[in-house]
Structure formats: C-alpha cells, structure tokens
Amino acid sequence: MEFRIRPAELSDAGAIAAILRELPWFESASKEPPEATGERVARLMAMCQRDSSHTVLAGECEGAVVGYASVHWLPYLILPAPEGYVSELFILASHRGQGLGKMLLDAVEHEARLRGCSRLSLLNGRHRESYAREFYRKIGWTEREAMANFVRVL
Ligand SMILES: CC(C)(COP(=O)(O)OP(=O)(O)OC[C@H]1O[C@@H](n2cnc3c(N)ncnc32)[C@H](O)[C@@H]1OP(=O)(O)O)[C@@H](O)C(=O)NCCC(=O)NCCS
C-alpha cells in the first residue's frame, strides 16, 4: 500500500473520528453517535490549529485518511529545548503493520528536528499489543523504567 503524510485539516475530522471509534478502549466515543464524535474531534482540532503549539498529521491511503498522529510542542523549563509529546498515534486496523505508524513518527521527528526540540515522548500501555510487539523500541525509542505515570481525574 502507498501512504502519504500531510497536515490534517478540519475536513478530516469525520475520518479521524472513525479511526477512534474503531478502537475498543475509548468508551465515551463508542457510546455516542458517530456525528457527536466527529463534532468533538473537529472542535478539538480547531483548538489545535489556533497556534503553532500543536501538530496533527494525517496518513492517507488512496485519498482516504487511515491513520493520524497528534503532537504537542511543550517548552519545559527544565529542558534545553522543547519536547514534542505525541498524544495520539492510531492506524485503522485494516492498514496496520504496513509501515504507516513508523512513517507518521518519522514525520513527527522531522518536524521536531526543524523546531530544534530536545526529545519526543509518548505513553504506551504495557497491556497493549503495540507494547508486546515492541513497536516503539524497535524503531529506536527508549522506555523510561524509572518513571511512574500519574493522572488526577477531573
Ligand atoms: C501501534 C501502531 C500505531 C503501529 O502502526 P503500524 O502502521 O501498524 O506499524 P508499522 O507498520 O509502522 O510497524 C510495524 C510494527 O507495528 C506493530 N504493529 C503492527 N500491527 C499491529 C497491531 N495490529 N497492533 C499493534 N501493533 C501493531 C508491531 O510492533 C509491528 O512490528 P512487527 O511486525 O515486527 O511486530 C498501530 O498498529 C495502531 O494504531 N495500533 C492500535 C492502536 C495503538 O496501540 N496505538 C498506540 C498507542 S500508544
């Protein structure tokens, strides 16, 4: 399959919502009508487009968006240069394992280098197939064994 990476546009919200709705672990999306997911994704993408602190990339196959990556450029005061935080990387099940995930991360890394970032980071559930298959490790990412991940649910 031939893939193309480009900046995501608001008109991609429906396709991105469909990718999210296919994943079994976002309960809020699977319980609402598809249009509601599409509207929320469009609203959040519009927020991302308001300034240069966010990048959403779309992965296309034959003109259809089949994967995407979302990155937030964070100017941590403790780092010599900003970090790119990859909050989302998802590929439609039918298009996995054919190189698109790596292509999207390569494009993220390219932009991070252009921005002079010091590093990229992301979270990967240890119970996920991608973790078991060592997707990130195989393409050069390092797991931070010493860090715990905390959230405070609001
Ligand atoms: C993980 C994911 C982003 C990788 O993208 P991809 O395009 O499938 O991966 P690539 O083709 O670039 O690289 C192949 C590697 O991806 C991983 N991969 C492939 N198919 C996969 C699948 N169905 N589920 C999870 N990981 C998979 C494997 O590590 C594979 O390497 P291997 O064949 O040596 O085992 C994609 O499979 C996906 O969206 N999975 C479900 C959602 C997810 O887990 N996202 C990551 C959250 S942090």
Exercise. With +1 on each Lys and Arg Cβ and -1 on each Asp and Glu Cβ, how big is the dipole of region 38-154 about its Cα centre, in debye rounded to the nearest 20?
Worked result: 280
For this session: Determine the share of the chain's accessible area contributed by carbon and sulfur atoms, expressed in whole percent, with a 1.4 angstrom probe.
Result: 56
Exercise. Of MET45, SER130, VAL56, which is farthest along the charge dipole of the chain in the positive direction, counting Lys and Arg as +1 and Asp and Glu as -1 at C-beta?
Worked result: SER130
Exercise. By its C-alpha gyration tensor, with a ≥ b ≥ c as the square roots of the eigenvalues, how is region 75-154 shaped: rounded for a/c under 1.5, else prolate for a/b larger than b/c, else oblate?
Worked result: oblate
For this session: Sort out the exposed loop trypsin sites (Lys or Arg not before Pro) in the chain (DSSP loop, at most 10 other Cβ within 10 Å) and tell me the longest stretch that has none.
Result: 51-125
For this session: Using the Karplus curve 6.51 cos²θ - 1.76 cosθ + 1.60 with θ = phi - 60°, work out ³J(HN,Hα) for each residue of region 85-97 in order, rounded to whole Hz, and write x for Gly and Pro.
Result: 9, 7, 7, 8, 8, 9, 10, 4, 3, 5, 10, 7, x
Exercise. So, in nm, how far is label ARG133 from label GLN98 when the simple model puts each one 7 Å beyond its Cα toward the Cβ?
Worked result: 1.4
Problem set entry | Dipole of the chain, positive direction: furthest Cα of SER30, LEU105, GLY14, with charges on the beta-carbon | LEU105
Exercise. Is region 112-154 rounded, prolate or oblate when judged by the Cα gyration tensor, a ≥ b ≥ c being the square roots of its eigenvalues, rounded requiring a/c under 1.5 and prolate requiring a/b larger than b/c?
Worked result: oblate
Exercise. Any idea of the accessible area per residue across region 35-154, 1.4 Å probe, to the nearest Å²?
Worked result: 66
Exercise. What does the charge add up to near ARG115, with Lys and Arg as +1, Asp and Glu as -1, over the other residues with Cβ less than 14 Å from its Cβ?
Worked result: -2
Exercise. How much length is gained on full extension from MET1 to SER121, taking 0.36 nm per residue of separation minus their Cα-Cα distance?
Worked result: 40.4 nm
Exercise. Considering only DSSP states other than H, G, I, E and B, which GluC sites (Glu not before Pro) in region 7-42 qualify as loop sites with at most 16 other Cβ atoms within 10 Å?
Worked result: GLU9
Problem set entry | Gain in span if fully extended, VAL153 to ARG43, counting 0.36 nm per residue against the direct Cα distance | 37.5 nm
Exercise. If you place +1 on the Cβ of every Lys and Arg and -1 on the Cβ of every Asp and Glu, how big does the dipole about the Cα centre of region 1-99 come out, in debye to the nearest 20?
Worked result: 100
Exercise. Full extension from ARG50 to THR142: what is 0.36 nm times the residue separation minus their Cα-Cα distance, to one decimal in nm?
Worked result: 29.9 nm
Seminar exercise, completed: Per the C-alpha gyration tensor (a ≥ b ≥ c, the square roots of its eigenvalues), region 71-110 is rounded if a/c is under 1.5, else prolate if a/b beats b/c, else oblate; here it's prolate
Exercise. Given DSSP loops and a limit of at most 10 other Cβ atoms within 10 Å, what is the longest stretch of the chain that contains no such chymotrypsin sites (Phe, Trp or Tyr not before Pro)?
Worked result: 26-149
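The values are calculated or read from the model by the stated rules, or taken from the named source; none is laboratory data. Small disclaimer: the values here were computed from a predicted structure and weren't measured. Counting neighbours? That spans all protein chains shown, and the Cβs are built from the backbone with ideal geometry, glycine included. Heads up: the accessible areas ignore ligands, DNA and RNA and are worked out on the full protein's heavy atoms, side chains in. Shrake-Rupley method; radii C 1.70, N 1.55, O 1.52, S 1.80 Å.
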